[in-house]
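Note sheet for the following structure.
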C-alpha cells in the first residue's frame, strides 16, 4: 500500500523529542508490513532527505536490569530488519519553537483573538509557511493513503482538504492544556477552544488509534471511537559501564524545562531522594537532557546534561525513575526506550496502564512508594523482565493494524 505519513517534526531529528521516537518505530513497522511509505513533516527544513531504517533487535537470555561487563557481553544472534531509507519532505519556514520568542508569542495571541483558534493551532496556522505545508501535503497525498501522527499533522490534513485513512493520537491535547496551560492562555480560553478544535479534528479520519489505553477511554467519553496501538520496539544490546566502587544509578532523561519533567525532577531529587536517604540506600542519580546540568550540584547526582547518545545514558544507569504523579495523557516514551535497553522503570500505575496494563513495571504512586520500589529492586526482590517484554513487541513481528 502507498502511504503518506504526516508527522509533526522530521523523524530524522532525534533531538526534537518523543513524538519523533514514536514515528521512527511506527515507520519501521509500516515498512516491515511491506508498505511503500513517504513522510511529510509539518515543520522542518525545506527540501527532501532520507530517513535511514536500519534496526537491530538483540536477544539476551540473561535477566534484564543486571549490570554487565565486557566479559559478559551478549553473544546471542541478532534479529535484523534492514530496509531502504524513507523519503522525508518538509516545506520549511514554520518555527519549530516559539515559547521563548516574545515577538512570535504576541503574534500568536493577536491571531487567537481574531480567529478564535486555540494556541496549539495558531502556533502553526499563523505563519506564512503554513500555506507551503498545505501545498506540499496536497501534492504528496495524491495516490496515497494518508496517516497523520499527532495533532499538527491532523490539523494540516484538515486545512489541506485531504482524506485521512488513520490518525495516531499521541495525547489528548485538552488534558495537557487543563494541567499545564499558563495563565495568559487560560485567560484567552485555551482549554475550551482546544477541546472544541480537538473534537472537530478527531471526527475527520476514517480511523483513530491512540498510543495510550487510557486515552482510548477518554476519547470514548467524547463519542470518538478509538483503538489502542502497540508501538513496536527495537530491543538493543547495551553493556552497562560502572566505575569501580560506584553505587548503582537511578536514571532520568528528558528536557528539564518541560513542565511534566520539571515536576518529576522536583519529586525525584526532593522527597524521593530524602526517603532513600532515610532508608540508607546508597544510590546515585544520572540525569540526561537539556538543562539537567542545573542539578549538577545535588549531593547524589553523578552526571547530568546533554549526552552524546541515548545508549551512552543507558550504559550508565541501572533503573529508570519516572515520578510523574497526577493526571497523565499519552505514554511515557522514556519507559519504552528504557525497556529497549533492558532497563526497568519505576512509574505510576496510570502511566503503566497507558502502555500495557500487564507490563513488567515497578509501580509507585508517590515519593514514598517510589523509594520503596527502588529499594525492592536494589535488594533483588523485584526485577521486571523488561527486555523479554520488549522483544515480544519487536518491530519485525508486532503488527500495527493501522488500517483495520
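Key figures for this structure:
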| item | result |
| --- | --- |
| Whichever residue in region 178-193 is surrounded by 15 or more Cβ atoms within 10 Å (Cβ to Cβ) and assigned to a helix (DSSP H, G or I) and, among such residues, is modelled with the lowest pLDDT | 179 |
| Region 206-230, residues that are without any contact (Cβ under 8 Å) to a residue 60 or more places away in the chain, assigned to a loop (DSSP other than H, G, I, E, B) and out of contact with any helix residue (DSSP H, G or I) (no Cβ under 7 Å at 6 or more places or on another chain) | 206, 223, 225 |
| Filter result (more than 19 Å from residue 158 (Cα to Cα) and in a loop (DSSP other than H, G, I, E, B)) within region 1-14 | 1, 10, 11, 12, 13 |
| Qualifying residue in region 175-191 (condition: free of Cβ contacts under 8 Å to residues at least 60 places away in the same chain and within 19 Å of residue 158 (Cα to Cα)) | no |
| Hits in region 101-124 (condition: closer than 18 Å to residue 186 by Cα and outside any helix (DSSP H, G or I)) | 116, 117, 118 |
| Selection within region 295-319 - crowded, with 19+ Cβ neighbours inside 10 Å and either under 17 Å from residue 21 (Cβ atoms) or assigned by TED's automatic domain parsing to the domain that holds residue 17 (or both) | 307, 310, 313, 314 |
| Where residue 232 falls short, out of the listed (1) in contact with a strand residue (DSSP E or B) (Cβ under 9 Å, 6 or more places away or on another chain); (2) surrounded by fewer than 19 Cβ atoms within 10 Å (Cβ to Cβ); (3) modelled with pLDDT of 90 or more | (2) |
| Residue 39 modelled with pLDDT of 85 or more, closer than 20 Å to residue 151 by Cβ and either in a strand (DSSP E or B) or in contact with a helix residue (DSSP H, G or I) (Cβ under 6 Å, 6 or more places away or on another chain) (or both) | yes |
| Hey, residue 365 surrounded by fewer than 20 Cβ atoms within 10 Å (Cβ to Cβ), in contact with a helix residue (DSSP H, G or I) (Cβ under 9 Å, 6 or more places away or on another chain) and at pLDDT 90 or above or not | yes |
| Subset of region 280-291 (residues that are buried (at least 19 other Cβ atoms within 10 Å of the Cβ) and under 18 Å from the mean Cα position of the chain (by Cα)) | 287, 288, 289 |
| Answer residue from region 83-112, given it is touching a residue at least 24 places away in the same chain (Cβ under 8 Å) and over 26 Å from the mean Cα position of the chain (by Cα) and is surrounded by the fewest Cβ atoms within 10 Å (Cβ to Cβ) among those | 109 |
| Matching helices (runs of 4 or more DSSP H) fully within region 343-404 where at least 2 residues are under 21 Å from the mean Cα position of the chain (by Cα), under 28 Å from residue 205 (Cβ atoms) and free of Cβ contacts under 8 Å to residues at least 40 places away in the same chain | 349-355 |
| Region 196-223, subset under 23 Å from the mean Cα position of the chain (by Cα) and surrounded by fewer than 19 Cβ atoms within 10 Å (Cβ to Cβ), residue nearest to residue 147 (Cα to Cα) | 207 |
| Filtered residues of region 15-33 (kept if within 23 Å of residue 257 (Cβ to Cβ), in a helix (DSSP H, G or I) and in contact (Cβ under 8 Å) with a residue 12 or more places away in the chain) | 16, 18, 19, 20, 21, 22, 23 |
| Residue within region 323-342 that is within 21 Å of residue 276 (Cα to Cα), crowded, with 23+ Cβ neighbours inside 10 Å and at pLDDT below 90 present | yes |
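The values are calculated or read from the model by the stated rules, or taken from the named source; none is laboratory data. It should be emphasised that the depicted structure is a prediction, and the values quoted were computed from it without experimental measurement. For neighbour counting, all protein chains shown are included, and Cβ atoms are generated from backbone atoms with ideal geometry for every residue, glycine included.
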